[in-house]
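Peer 1: I have a structure here, written as structure tokens, and I will follow up with some questions on it.
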Amino acid sequence: MTMEPTPDATQDQTIAGECAPKTPSAATAPEQAHSAESSGEPAEAQAGAAEKQPPKRATPADMVAAITADEDHSLDKALDEAMEGFKDDVDLSTQGAASTLTTDPESDSLVIGRIANIGSEDVLIDFGAKSLGVMPRSELPEGRTHNVGDSLEVLVTSKDEQGGLLTVSHKKARQQRLLRTMEIGTVVEGAVTGMNRGGLEVNVEGLTAFMPAGQVDLHFLKDISTLIGTKIRAEVTRFDRADENIVLSRRKVQMREEQEQKEKAFEVLKVGQVLKGKVRNLADYGAFVDIGGVDGLLHVSDMSWARIEHPQDVLKVDDEIEVKIIRINQEKRKISLSLKQTMPNPWEGVADKYAVNSKVSGRVVRLANFGAFVELEPGLDALLPISEMSWTRRLRHPKELVKEGDVVEASILSCEPEKKRISLSLKSLTEDPWSAVSMRYAPGSKIKGKVVRTTDFGAFVNLEEGIDGLIHISELDDGRVRAVTDKVKAGDEVEVRVLSVDAESKKISLSLRQPPPEPTAEEIAAAKAEQQAVEQRRSKSKNRRGGITFDWDQGLSALDPSKFAR
């Protein structure tokens, strides 16, 4: 099986071959002879063995030694060819290339060098003045191609005094550059690597920074661990350069970005615009909707034409909706939105659709002490007053007759579109039983009924469905009655006499007392005679001493003093 060398391996072998110890020559023959004599073997055998051995790979120390001793002119030639086109006196401020160093760089110093060789594991960096450094290939920045001759900033970490080779690090150079230029308020980028007590850990150029949980996001996050593995931008709020202790805030960056977006948004947003937005948060009074860099308030009353108890009945967080801008307060930087104004208004044309006395059906959606609200169609509610529920029943609360969810039929009592009011009536669909009650219950007639309830002042008797009459306590018996329950109780069947009927007030007076006996003809004649005698006595004129006599028909003018003057 034949193995083909890789480009990196070939390059390494080329330089290694150039830097490897040279084969024996005439100049080194005495040394070989001395070695042969000491070993007891012929010099020719030792030379043949040396030729058969493969060339040894040069270490970085060998390469430096070869350069410093000026023993390997071929390596100088290879480096010169690799550096062809680059000058030692290039301006770093304009080209970013390494400047010629007269001495070796000091440890912990930041230096810019050129890539001299890229191996499979290491990278060789040339700093000029025959100074070389080595660093792991894994430290090369990702995302771009690196070639021999490219400039690279590194940090000198140590020096091999024997071989003269410097150990450098591009990763630590980035860290030191960041620490040296870092200030409070500096914005950095990093990856969230983990979570600890009280916040998140963020990797910034290999440095571990801490971000408190309260500074993770502009809005409250229930689980901040969802950010692990993501890249973020955060602001430095506190740091210690010596201890490499860094505290970050992502919230401050978001606040600044949001303010910038808000300023731009207020320049282009106008009242009446219809925009798409995303629900950011819900509250009891409404929802906050992001309409492109700025949040607007969608009040619960502007979510639907129908009545809504809570915003979560209509929306949820992260819903994408279409809203209309109804108000903009430039001074307070507040925007009011409406969802229902993007929908048809159900009150338009309602007067023609729901004419007075027309019959409709709807669903009871809620109850109040004064009546029930009936939904005729989405966003269109009508009121059914408690007084319009029954002709005969005296209701204390609508729940005695209807409940939420019931479907009822009623007639339109009134319709006022300008006030957004519609009144309904249940009892108008049936005939008023009191309209003919005076004909059915004539005064003096006797009827049977059932006592339905008692009070301190009397007892109520049900005569027919929806028609009750009252027996006053004074009409329970011919004698004195101390308590109503002494004579009647709820559920008793009684025969009563009708005293009077008031259909307008819906009242019927009843009595259990015996009616007075009918008068005879003689008693009637005697009563008339007595009445006439009384009238005669009243009409008889008499002069009264010290007074005056006048008729009431004359009015007060009869008392005029001038008429009695002598």
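The values are calculated or read from the model by the stated rules, or taken from the named source; none is laboratory data. Computed from a prediction, not measured in an experiment: that's the story for all the values here. Glycine gets a Cβ as well: all are built from the backbone with ideal geometry, and neighbour counts include every protein chain shown.
Yes/no per residue for (1) assigned by TED's automatic domain parsing to the domain that holds K506; (2) part of a strand (DSSP E or B); (3) more than 30 Å from S511 (Cα to Cα); (4) touching a strand residue (DSSP E or B) at 6+ places or on another chain (Cβ under 7 Å):
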residue	(1), (2), (3), (4)
V374	no, yes, yes, yes
W391	no, no, no, no
L395	no, no, no, no
S414	no, yes, yes, yes
L424	no, yes, yes, yes
G449	yes, yes, no, yes
V452	yes, yes, no, yes
D456	yes, no, no, no
D468	yes, yes, no, yes
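Peer 1: V407 fails exactly one of the following numbered conditions: (1) under 15 Å from K507 (Cβ atoms); (2) modelled with pLDDT of 90 or more. What is the number of that condition?
Peer 2: If we test V407 against (1) under 15 Å from K507 (Cβ atoms); (2) modelled with pLDDT of 90 or more, just (1) comes out false.
Peer 1: Out of the range 358-382, which residues are of a type in the set (G, A, S) and surrounded by fewer than 16 Cβ atoms within 10 Å (Cβ to Cβ)?
Peer 2: Scanning the range 358-382 gives S358, S361, A368.
Peer 1: I need the full set of residues from the range 311-321 which are in a loop (DSSP other than H, G, I, E, B) and exposed (fewer than 12 other Cβ atoms within 10 Å of the Cβ), in order please.
Peer 2: K316, D318
Peer 1: When you check D302 against the structure, is it buried (at least 18 other Cβ atoms within 10 Å of the Cβ) and acidic (D, E), yes or no?
Peer 2: Considered against the rule, which asks whether it is buried (at least 18 other Cβ atoms within 10 Å of the Cβ) and acidic (D, E), D302 comes out as yes.
Peer 1: While we're on this one: What number of residues in the range 481-514 are of a type in the set (D, E, K, R) and within 15 Å of F457 (Cβ to Cβ)?
Peer 2: Residues meeting the conditions: 4.
Peer 1: Still on this structure, please answer the following. Taking the condition surrounded by 14 or more Cβ atoms within 10 Å (Cβ to Cβ), of a type outside the set (F, W, Y), outside the structural domain of L132 (by TED's automatic domain parsing) and modelled with pLDDT of 85 or more, does T230 pass?
Peer 2: no
Peer 1: What are the pairs, 6+ residues apart or on separate chains, where a residue within the range 109-128 that is part of a loop (DSSP other than H, G, I, E, B) has its Cβ under 8 Å from a residue that is modelled with pLDDT under 80 and of a type in the set (S, T, N, Q)?
Peer 2: If the second residue must be modelled with pLDDT under 80 and of a type in the set (S, T, N, Q), the pairs left are G119/Q11; S120/T6; G128/S99; G128/T100.
The rows are residues; the columns are (1) in the same structural domain as A242 (by TED's automatic domain parsing); (2) of a type in the set (S, T, Y); (3) within 24 Å of G190 (Cα to Cα).
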position: E106; (1), (2), (3): no, no, no
position: R114; (1), (2), (3): no, no, no
position: S120; (1), (2), (3): no, yes, no
position: V123; (1), (2), (3): no, no, no
position: F127; (1), (2), (3): no, no, no
position: S131; (1), (2), (3): no, yes, no
position: R144; (1), (2), (3): no, no, yes
position: S151; (1), (2), (3): no, yes, no
position: L166; (1), (2), (3): no, no, no
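Peer 1: Follow-up question, since we're still on this one. Under the condition of being over 16 Å from the mean Cα position of the chain (by Cα) and small (G, A, S), which residue from the range 271-309 is farthest from N329 (Cα to Cα)?
Peer 2: A306
Peer 1: Of the residues that sit in the range 322-347 and are assigned to a loop (DSSP other than H, G, I, E, B) and out of contact with any Pro (no Cβ under 8 Å at 6 or more places or on another chain), which one is surrounded by the most Cβ atoms within 10 Å (Cβ to Cβ)?
Peer 2: If we take residues in the range 322-347 being assigned to a loop (DSSP other than H, G, I, E, B) and out of contact with any Pro (no Cβ under 8 Å at 6 or more places or on another chain), then L339 is surrounded by the most Cβ atoms within 10 Å (Cβ to Cβ).
Peer 1: Further, regarding this structure: Can you spot a residue in the range 171-184 that is under 20 Å from V253 (Cβ atoms) and in contact with a helix residue (DSSP H, G or I) (Cβ under 9 Å, 6 or more places away or on another chain)?
Peer 2: Within the range 171-184 (the criterion being under 20 Å from V253 (Cβ atoms) and in contact with a helix residue (DSSP H, G or I) (Cβ under 9 Å, 6 or more places away or on another chain)), the answer is no, since none of the residues qualifies.
Peer 1: Give the residues of the range 311-338 that are of a type in the set (A, V, I, L, M, F, W, C) and either farther than 30 Å from A382 by Cβ or not assigned by TED's automatic domain parsing to the domain that holds Y285 (or both), sorted by residue number.
Peer 2: Across the range 311-338, the qualifying residues are V317, I325, I328, I335.
Peer 1: Would you call G214 part of a strand (DSSP E or B), exposed (fewer than 14 other Cβ atoms within 10 Å of the Cβ) and in contact (Cβ under 8 Å) with a residue 24 or more places away in the chain?
Peer 2: No: the conditions fail for G214.
Peer 1: Which residues, taken from the range 296-310, are more than 10 Å from G286 (Cα to Cα) and either touching a helix residue (DSSP H, G or I) at 6+ places or on another chain (Cβ under 6 Å) or not assigned by TED's automatic domain parsing to the domain that holds V274 (or both)?
Peer 2: S304, W305, I308
Peer 1: Give me the pairs: first residue in the range 403-424 and within 16 Å of L367 (Cα to Cα), second residue of a type in the set (K, R), beta-carbon distance under 6 Å, and six or more apart or on different chains, which are they?
Peer 2: Taking only residues 6 or more apart or on different chains, the pairs are V407/R363.
Peer 1: Kindly check whether there is at least one residue in the range 272-291 that is over 30 Å from I412 (Cα atoms), surrounded by fewer than 18 Cβ atoms within 10 Å (Cβ to Cβ), touching a strand residue (DSSP E or B) at 6+ places or on another chain (Cβ under 7 Å) and hydroxyl-bearing (S, T, Y).
Peer 2: There is at least one residue in the range 272-291 that is over 30 Å from I412 (Cα atoms), surrounded by fewer than 18 Cβ atoms within 10 Å (Cβ to Cβ), touching a strand residue (DSSP E or B) at 6+ places or on another chain (Cβ under 7 Å) and hydroxyl-bearing (S, T, Y).
Peer 1: Let me ask something else about it. Filtering the range 432-471 down to residues that are of a type in the set (S, T, Y) and over 20 Å from A503 (Cβ atoms), which residue is surrounded by the fewest Cβ atoms within 10 Å (Cβ to Cβ)?
Peer 2: Once the filter is applied, the top-ranked residue is T455.
Peer 1: For the range 144-202, name all the residues that are farther than 22 Å from L227 by Cβ, charged (D, E, K, R) and in a strand (DSSP E or B).
Peer 2: The answer is E153, K159.
Peer 1: I've got another one for you. Consider the range 503-524. How many of its residues are modelled with pLDDT of 85 or more and farther than 30 Å from E464 by Cβ?
Peer 2: Total meeting the criteria: 0.
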